[in-house]
1. Go through 406-413, 358-365 and give me the packing order, highest mean Cβ count within 10 Å leading.
2. Could you tell me which label, among [x] 163; [y] 131; [z] 213, carries the value of volume of the Cα convex hull per residue in Å³ calculated for this structure?
3. For Cys264 and Asp99, calculate 0.36 nm times their separation in residues minus their Cα-Cα distance, and state this gained length in nm to one decimal.
4. Extending each Cα 7 Å along its Cβ direction at Gln296 and Tyr182, get the distance between those two points in nm, one decimal.
5. Remind me, relative contact order of segment 53-211 in percent, using alpha carbon pairs under 8 angstrom and six or more residues apart?
6. In whole percent, how big is the carbon plus sulfur part of the accessible area of the chain, probe 1.4 Å, protein atoms only?
7. Charges only on Cβ, +1 for Lys and Arg, -1 for Asp and Glu: so what's the dipole of segment 190-292 about the Cα centre, in debye to the nearest 20?
8. Please give the peptides 214-223, 257-266, 114-123 ranked by average Cβ packing (other Cβ atoms within 10 Å per residue), highest first, as a rough proxy for protection.
Amino acid sequence: MDRRRVVITGLGAVTPVGLTAAESWQAVRSGVCGIGPITQFDASSQKVSLAAEVKGFDADALLGKQEAKRMGRFTQFAMVSAREALADSGLNPEAEDLDRCGVIVSSGIGGLSITEAEHDRGLARGWDRVSPFYIPTAICNMAAGQIAIDTGFRGMCTCPVTACAGGTNAVGDAFHYIRDGYADVMLCGGTEAAVTPLAIGGFTSMKALSQATDPNRASIPFDAERSGFVLGEGAAILVLEELQHALDRGAHIYAEFVGYGATCDAYHMTAPRPDGSGGAKAMAMAIADAGITPDQVDYINAHGTSTHLNDAGETAAVKMVFGDHARKLSMSSTKSMTGHMLGAAGAVEAMFTALSLRDGYMPATIHYSVPDPECDLDVVPNEGREAQLRYALSNSLGFGGHNGSILLKKWEA
């Protein structure tokens, strides 16, 4: 069977550095740091005081008060991003075969803040007095479900819950779904809103979060002084289309989606395999899926969480896949600016990777100061860089051993 070609035609996002895809990309190009003191709750009694929060988001204004009231914050982010992406694509759902249009949107944790609030309400007023909207607003799949309701898309609608790899799995699965002939259009991505006392406490107790108090030295991927990730929130949604479908309607194309690989470390609940072999296999699969060779890859948007094991393991994985070419390509982490957005991370980074290819620009790993011999590749330190880019990877590595890698190609008409 001939493989159908797949392109990215629309982008939408709500991130710690911008309330739209364009704002977020401009901030990343400018090296803006979205990390600051936690404002959504009083964190003064907790060891971690920093997060990468979305700032200035007015759900009532963007969605309408009644609609916003029946959505968790993670669903609000996803819905706003999906509407932006659909508008950006110029696609008119009324002109589409809606059975050939689907939705895949990941969330790692879903409406945790709703669970916390309703648990308190149950303790105080009785468990049968919790909100009837608790379950349908808190469950992880509801962002995908609400987007499908909003657009009328009746094709496959699902929600990968694969921790930090979820956003990458969502866009990768959507790519294969179109390529293999099951759909013509997919809205796909990830969303997360887990800056809550319980999430911060849980990640802190497992020693995953940075306890730095200086935002400029908290999320510092590949730096020898890295001490954990900074929790972020937000969403990104991409419109993927079969190429001829996009060309027939004169759509603008950001990049071509050419490869996807997914593997499992099958090793440990939270730690990656130290040799990076699971991530390496995912990258190798994405490259093979595209039918190219490793030396054709120019840039990697790294998972790069700012934890010791992850950054060292990802560096080892890149060396394993690329050999001598690892010294010639560049690999930066936009999590230095956005923090780690869990189930949304891979989708936001897929968006940034597509824009890197469009603009010929590699974003920086900001606040890089102390080199680490274990992370000795070109991490585009501190200043973004213009470059001729044709192929770029984006990696995600999640708790549970989930590894995902996508390969995008600069659009060449």
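The values are calculated or read from the model by the stated rules, or taken from the named source; none is laboratory data. Since the model is a prediction, treat every value here as computed from it, not as a measurement. Heads up, the Cβs are rebuilt from the backbone with ideal geometry, glycines too, and the neighbour counts pull from every protein chain shown. Heads up: the accessible areas ignore ligands, DNA and RNA and are worked out on the full protein's heavy atoms, side chains in. Shrake-Rupley method; radii C 1.70, N 1.55, O 1.52, S 1.80 Å.
1. Details: 406-413: 19.8, 358-365: 21.5.
Highest-to-lowest ranking by the protection proxy: 358-365, 406-413.
2. Checked against the structure: label [y].
3. On the way: separation 165, 0.36 × 165 = 59.40 nm, distance 3.18 nm.
The span from Cys264 to Asp99 would gain 56.2 nm if fully extended.
4. The modelled label-to-label distance comes out at 2.6 nm.
5. On the way: 230 pairs, mean separation 51.1, N = 159.
RCO, segment 53-211: 32 percent.
6. Working: 8150 of 15500 Å².
Heavy-atom surface of the chain belonging to carbon and sulfur, 1.4 Å probe: 53 percent.
7. Numbers: 6 positive and 12 negative charges, 74 e Å.
The calculation lands at about 360 debye.
8. Working: 214-223: 22.6, 257-266: 21.0, 114-123: 16.0.
Result, highest mean Cβ count within 10 Å first: 214-223, 257-266, 114-123.
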